[in-house]
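First comes the structure, then the notes that go with it.
The values are calculated or read from the model by the stated rules, or taken from the named source; none is laboratory data. What you see is a predicted model, and the numbers here were worked out from it, not measured in a lab. Don't worry about glycine lacking a Cβ; one is built from the backbone with ideal geometry, like all the others, and counts go over all protein chains shown.
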Amino acid sequence: MAISLTLLQEADAQELYDFEVENRRFFEKMVPGRGDDYFVWETFIQRHQDLLDEQETGLSRFYLVKDENDRIAGRMNLMDIDKENGVAEIGFRIGKAHIGKGIGNHALNLLLSEPLPVRQIRAKTTTVNIPSQKVLEKNGFIRMGIGDEEFEMNAQKMRFVHYLWEKQK
């Protein structure tokens with residue numbers, strides 16, 4: 001399986017928008033939705049530019065997971081990078097057409113093999129998002145516990161599962 005990680009660029013806007021629209025319902029089954037406004041082109045473009053600005057400052061790195069045909073298969077974001085304390089948060093999503101092919105696992109492995117500006121990465125996923133939990137655990141993230149705050153999504157009660165990864169010395 002040939003995939004790559006590329007940093008988000010201005011030219012990715014239309015393809016990324018199409019990817020998000022196409023996968024909206026699928027993603028919203030496992031993670032809280034982004035809201036209707038996100039899917040209005042003008043709002044999406046502004047948020048896209050905000051991400052690029054944030055990436056430019058070094059606060060985050062937004063990656064696109066691309067398949068062998070150079071099409072977006074998912075996203076992987078390293079956010080809230082705190083270089084002073086060596087900590088960041090990660091979030092990722094793989095499109096419905098690419099689930100079950102090991103792409104999420106491979107993409108996270110690629111990211112963790114890059115020179116990262118942090119020594120710890122925090123992650124969280126919902127209690128119903130078993131595929132993401134498996135991807136995190138296969139890549140050395142340690143399950144730290146389940147949060148106390150319960151919320152309802154898709155008529156189902158759930159909480160967040162928290163993980164931590166530490167760079168090997």
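Determine whether GLY95 is more than 25 Å from ARG159 (Cβ to Cβ), surrounded by 20 or more Cβ atoms within 10 Å (Cβ to Cβ) and either free of Cβ contacts under 8 Å to residues at least 12 places away in the same chain or under 16 Å from the mean Cα position of the chain (by Cα) (or both). Quick ask: steps written out before the conclusion?
On the way: more than 25 Å from ARG159 (Cβ to Cβ): yes; surrounded by 20 or more Cβ atoms within 10 Å (Cβ to Cβ): yes; either free of Cβ contacts under 8 Å to residues at least 12 places away in the same chain or under 16 Å from the mean Cα position of the chain (by Cα) (or both): yes.
Yes: the conditions hold for GLY95.
So how many residues does segment 51-95 have that are of a type in the set (Lys, Arg) and modelled with pLDDT under 95?
Here is the first cut: in segment 51-95, the ones of a type in the set (Lys, Arg) are 61, 66, 71, 75, 83, 93.
So of that shortlist, the ones also modelled with pLDDT under 95 come out as 83, 93.
Final tally of qualifying residues: 2.
If you check LEU64 against the conditions, is it farther than 14 Å from PRO117 by Cβ, in contact with a Gly (Cβ under 8 Å, 6 or more places away or on another chain) and without any contact (Cβ under 8 Å) to a residue 60 or more places away in the chain?
Spelling it out, LEU64 is indeed farther than 14 Å from PRO117 by Cβ, in contact with a Gly (Cβ under 8 Å, 6 or more places away or on another chain) and without any contact (Cβ under 8 Å) to a residue 60 or more places away in the chain.
Going residue by residue through segment 20-30, is there one that turns out to be farther than 25 Å from GLN156 by Cα, crowded, with 16+ Cβ neighbours inside 10 Å and not basic (Lys, Arg)? Can you show your working first?
Quick first cut of segment 20-30, residues farther than 25 Å from GLN156 by Cα only: none.
No, segment 20-30 has no match at all.
So, LEU110, is that one within 16 Å of the chain's Cα centre (by Cα), surrounded by fewer than 18 Cβ atoms within 10 Å (Cβ to Cβ) and at negative phi or not?
Details: within 16 Å of the chain's Cα centre (by Cα): yes; surrounded by fewer than 18 Cβ atoms within 10 Å (Cβ to Cβ): yes; at negative phi: yes.
Against the criterion (within 16 Å of the chain's Cα centre (by Cα), surrounded by fewer than 18 Cβ atoms within 10 Å (Cβ to Cβ) and at negative phi), LEU110 qualifies.
Of everything in segment 111-152, what is hydroxyl-bearing (Ser, Thr, Tyr) and outside any helix (DSSP H, G or I)? Give them in sequence order.
Taking segment 111-152 and keeping what is hydroxyl-bearing (Ser, Thr, Tyr), we get 113, 125-127, 132.
Residues satisfying the conditions are THR125, THR126, THR127.
Which numbered condition trips up GLU54, out of (1) surrounded by fewer than 14 Cβ atoms within 10 Å (Cβ to Cβ); (2) more than 22 Å from LEU164 (Cα to Cα)?
(1)
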